[in-house]
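The values are calculated or read from the model by the stated rules, or taken from the named source; none is laboratory data. Keep in mind it's a predicted model, so treat the numbers as computed, not measured. Here Cβ is always computed from backbone atoms with ideal geometry, including for glycine, and neighbour counts include all displayed protein chains. Side chains included, ligands, DNA and RNA excluded: accessible areas come from the protein's heavy atoms. Shrake-Rupley method; radii C 1.70, N 1.55, O 1.52, S 1.80 Å.
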Amino acid sequence: MAALRWLTPRRRSATARSVLAGEASAEAARKSAQSAEGTAPDTGTEPDFPVHGDDRAAAFFDLDNTVMQGAAIFHFGRGLYKRKFFETRDLARFAWQQAYFRLAGLEDPEHMQDARDSALSIVKGHRVSELKTIGEEIYDEYMAERIWPGTRALAQAHLDAGQKVWLVTAAPVEIAQVIARRLGLTGALGTVAESVGGVYTGKLVGEPLHGPAKAEAVKALAAAEALDLSRCAAYSDSHNDIPMLSLVGHPYAINPDSKLRKHARELEWRLRDYRTGRKAAKVGIPAAAGVGAVAGGTAAAIALHRRRR
């Protein structure tokens, strides 16, 4: 990893950038988890899967449209606008990107790139500590009510089994860590923005944690944590995360886009769609997640009603 850090951007291949992004995110995630205090509550639930007490297993959850409705970076942009970080014309762009994401139900690379560039330009020159504090506020304002109860129940089942649970997302690692902490998860792997002296430079370390970079991050973390990936689980809504899902012995398609749904059915991966309350395609998902699906559908209906009023 040290050798990769000193390669100039022009000389880095796409693979090298993915590896660098993955290792940077894994390193940030481990440091954050090591410094966290307290443990997740134990409800005594011991489902058949995950296997209780298997400390060489862990769970990796995508964030956008898997754990939370919509994209974290768009909600973050909305919160920054409220705090006068940028102007109305920029908010309109964020609003369009969020509307596209929600309607299309997938991650369009062009839109995600635009959102990422916008976010980097906005935070450039700001202190990392400032953005972490604001991230806590934005979670309460825009994100907390958008967590899918069904997916949250799946994560809790792993925690109750004594396993670590990590978010794995293209969102900024600082925001991902806030969400993970609020949900009682172990930590988060996310896109690492470069900072010097605690101030953002407007550049990234490696590349965004997206697609193959997510798989690299999970592999790096698994190696550092002595995890057996064949005993781990991964959850995502997007076909872009097939590389990450393919790494583990227990892949789950959650609220899947059409390409992931097709792929999951062909490989007999477990399916769960909290947007419509569809039944899982395979057995083995904790009952608590089924209850969460109903609650998630109700929450979505209430949110839609409020927007229409």
Practice task
Pop a pseudo-label 7 angstrom from the Cα along the beta-carbon direction at both Leu267 and Glu130 and give the gap in nm to one decimal.
Solution key: 4.3 nm
Problem - Long-range HN-HN contacts of Val199 with modeled amide H, under 5 Å - result: Val128
Fill in the blank from the handout: Phi angles of region 54-59, converted by Karplus (6.51 cos²θ - 1.76 cosθ + 1.60, θ = phi - 60°) into ³J(HN,Hα) in whole Hz with x for Gly and Pro, give 7, 7, 9, 10, 8, 10
Fill in the blank from the handout: Largest-first ranking of Lys164, Lys82 by accessible area, probe 1.4 Å, whole protein assembly kept, is Lys82, Lys164
Problem - Exceeding the 22 Å Cα-Cα cut-off - candidates Lys82/Lys214; Lys164/Lys259; Lys219/Lys262; Lys214/Lys259 - result: Lys82/Lys214; Lys164/Lys259; Lys219/Lys262
Practice task
Tally up the carbon and sulfur contribution to the accessible surface of region 190-249 as a whole percent, 1.4 Å probe, everything protein left in place.
Solution key: 55 percent
Problem - Projected label distance in nm at Lys203 and Asp55, using a 7 Å step from Cα toward the beta-carbon - result: 4.1 nm
Completion exercise
For Asp55, Asp160, Asp228, the accessible-area ranking with a 1.4 Å probe, largest leading, is Asp55, Asp228, Asp160
Exercise for the section: Determine how large the accessible area of Ile242 is when every protein chain is in place; take a 1.4 Å probe and give Å² rounded to the nearest 10. Expected result: 40 Å²
Problem - Virtual spin-label span in nm between Arg78 and Asp228, 7 Å along Cα→Cβ - result: 4.3 nm
